[in-house]
1. When every alpha-carbon pair in region 2-115 is counted, what percent end up more than 19 Å apart?
2. Can you show me the helix-derived [θ] at 222 nm for the chain, built from DSSP H runs with n ≥ 4 at -39,500 (n - 2.57) apiece and divided by the number of residues, rounded to the nearest 500.
3. Say a site is exposed when it is one of the trypsin sites (Lys or Arg not before Pro), sits in a DSSP loop, and has at most 16 other Cβ atoms within 10 Å; what is then the longest site-free stretch of the chain?
4. So how far apart, in nm, are the two label points at residue 119 and residue 82 if each is 7 Å from Cα heading toward Cβ?
5. Which of the GluC sites (Glu not before Pro) found in region 86-147 are loop residues per DSSP with 13 or fewer other Cβ atoms within 10 Å of their Cβ?
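Nothing in this text is a laboratory measurement; each read-out follows from the coordinates by a stated rule. Quick caveat: nothing in here was measured; it's all calculated off a predicted structure. Cβ atoms come from the backbone with ideal geometry, glycine included; neighbour counts cover every protein chain shown.
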Amino acid sequence: MTKIIFIIRMLLYLKLKDIGAFNLIRRTLKPVEIRSYKLPVNTLITYASHTVNYDDRYFPNARKFDPERFIDENGKFYTRPEVMPFGLGKRACLGEGLARIELFLFTANIFNQFRLKQVPGKPVSLERIIGALASSKPFVVEVESRF
């Protein structure tokens, strides 16, 4: 059970690593003012949701791998409203439930079948390569079959 809890904690952490560098593009239907910025009708807008995930105001030491980040003082799982890997509101991803289940099963099976070890002298970087989709920098791990 402890290993399953760790996988759940790790997957909660992965929510900070959404693959979409930018969310869908929207356009303004009427003139909009956001703070002191005035946007006319038909202005194309988007936001980079991942930038919130690296904001120390919401996530202290945001760039540090910390699977315990989403555990409260009572040991219960929780998520912060600032984390939106599947979008938000009426335009949220319809496949979120299925994606969460698939991600859990895939990750649990990897850890069930293999031992993954960091190669000495070859640290794994948490930096991302941002393009149309975000990806991790290439890294090397040692993979050993459990069976």
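1. When all Cα pairs of region 2-115 are counted, 58 percent exceed 19 Å.
2. For the chain, the value works out to -7500 deg cm²/dmol.
3. The segment 77-145 is the longest one with no such site.
4. About 3.5 nm, to one decimal.
5. In loop regions of region 86-147 (DSSP not H, G, I, E or B), the sparsely surrounded GluC sites (Glu not before Pro) are 127.
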